[in-house]
Amino acid sequence: MTAIYPVILCGGSGTRLWPSSRPDRPKQFLKLLGHYSSFQETLLRVSDLAEGREIVIVTGSSMTDFVRRQAEEIAVPIVVLVEPEARDSAPAVAAAAAYVEARDPDGVALILAADHHVGEPELFRDAARSAAAAAARGLIVTFGVKPSAPATGFGYIRPGEPAGEGVFRVAAFVEKPDLETAQRYLTEGYLWNSGNFAFLASVMLSELEQFEPSVAEGARAAMANAVDDDGMIRLDAGGFRRAAKISLDYAVMERTDKAAVAPAAFSWSDLGAWDAIWDASPKDDVGNATQGDVTLLDTTGVLARSTGPFVGVIGVSDLMILVEPDAVLVCRRDDAQAVKTLVDGLKAQGRDLARRHPTAIGGGVERQPLTQAGAAAVAVWRFEPGSSATLPVGSLQVLAGDLTGEAGAWATGDRQELTNQASVTATTSATVLITTWR
């Protein structure tokens with residue numbers, strides 16, 4: 001039986017899901033629909049298909065901490081290919097194909113996005129096995145989803161002749177249509193292009209050598225000269241940079257004669273905007289979906305989510321209400337796609353809240369600013385057990401837990417004036433209040 005190697009592409013910033021999703025903490029790592037992030041849902045969905053093999057993650061260096069910690073949280077083994085820079089999907093896929101080919105020349109790579117939602121995981125696994133069987137015969141298979149509405153935000157696929165059980169040749173890839181065309185596509189049997197693929201690694205690399213040789217050569221060089229840093233395989237920057245910056249659709253899928261589509265019976269969403277989050281969320285009997293400290297009265301068709309203060313909503317309909325500690329977004333559900341325009345405006349003004357959350361998370365330490373008055377700034381740092389950080393010059397008060405480091409050891413209730421930066425490690429969970437002066 002052909003071995004399946006799941007590969008999860010973990011990039012992107014999810015601009016349309018601002019203020020929750022920002023480049024420093026993008027949507028695939030947010031728990032927007034329940035106990036797991038979409039990245040974790042994807043890991044769990046493909047674990048059985050991997051049959052004990054490590055799942056391959058392709059991501060940038062800024063996201064490796066999220067990737068590792070969220071995989072550890074659900075005990076799923078991974079290996080991470082770290083891109084030295086973002087160069088669109090074709091180089092990322094090519095690097096993964098080179099990794100899979102080196103491990104197993106007959107292995108099928110199953111390429112998935114980290115930020116998609118699938119409603120029926122078992123139906124997905126059935127479709128993935130059918131796609132892998134077709135891929136083993138030399139086809140490059142994409143998953144086509146039966147449209148639930150005439151969406152204008154997706155590309156479409158027109159299926160052609162049968163190419164094996166549950167798989168059809170691709171007759172045409174179609175760009176995002178207008179509403180009238182999308183309605184016609186529904187009646188003519190077109191499918192949404194999910195952007196997920198299955199193929200023999202050797203076949204994909206061969207097609208890239210034909211159509212975009214720099215991508216194949218650059219990815220192979222980046223993989224051949226990569227450095228393995230404790231499960232983090234850091235791709236060689238020089239080799240990776242030689243790969244053309246191009247999407248897989250343009251590089252291969254729209255040019256190859258090996259393209260096939262597996263129609264999917266599962267429900268699917270790319271969670272591209274807040275209306276998609278509302279669609280995929282559990283709702284009450286009047287269409288409301290809530291998360292966090294939220295109370296709704298005389299309200300219908302509302303998505304209300306808060307990660308900070310209490311939110312009370314009275315007498316409204318069909319709204320999105322998204323609350324973060326430093327930003328609030330309110331819009332009509334049918335205006336959800338316009339959030340990107342708002343964020344673009346914030347970026348043009350140089351507003352920091354367009355790019356990052358006030359609370360920084362990394363290395364097991366959460367740094368939350370509390371207040372600033374004159375030259376003084378107060379923040380609370382929360383340490384996971386075993387995590388380390390460098391404390392700044394200032395006043396330290398341990399609210400809970402124990403820290404040890406080169407400057408000494410501190411326990412709950414201890415205070416210390418730090419005249420130099422100090423590296424510390426939390427021996428337990430610890431919460432520390434830090435005051436600094438400019």
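None of the figures in this text is laboratory data; all of them are computed from the coordinates on show. In this text, all values refer to a predicted model and were calculated from it rather than measured experimentally. Every residue, glycine among them, receives a Cβ derived from its backbone with ideal geometry; neighbour counts consider all protein chains shown.
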>> Need the list of lysines near K176 for cross-linking: C-alpha distance under 28 angstrom, and skip anything on the same chain fewer than eight residues off.
In response: K27, K146, K245, K258, K340, K347
> Okay, which of segment 244-275 sit inside 15 Å, backbone N to the point 7 Å along the Cα-Cβ direction of K340?
Replying inline: 270-275
> If r is the Cβ-Cβ distance from L186 to S388 and R0 is 45 Å, what FRET efficiency results, to the nearest 0.05?
Replying inline: 0.25
> How far, in degrees from 0 to 90, does helix 121-135 lean away from the longest principal axis of the Cα atoms of the chain, to the nearest 10?
Replying inline: 50
>> Under the 0.36 nm per residue contour assumption, what length would be gained going from the current alpha-carbon distance of D414 and Q368 to full extension?
In response: 14.6 nm
>> Among F266, F310, F66, which one shows the highest mean-square fluctuation when the chain is modelled as a Gaussian network with alpha-carbon springs under 10 Å?
In response: F310
> Expressed as an acute angle from 0 to 90° and rounded to the nearest 10, what is the orientation of the C-alpha long axis of helix 64-73 relative to the principal long axis of the chain?
Replying inline: 90
>> Using only the alpha-carbon atoms, how far is helix 213-224 inclined from the longest principal axis of the chain? Give it as 0 to 90 degrees, nearest 10.
In response: 50
>> As an exercise, use a Förster radius of 25 Å and the Cβ-Cβ distance of R355 and V330 to find the FRET efficiency, rounded to the nearest 0.05.
In response: 0.75
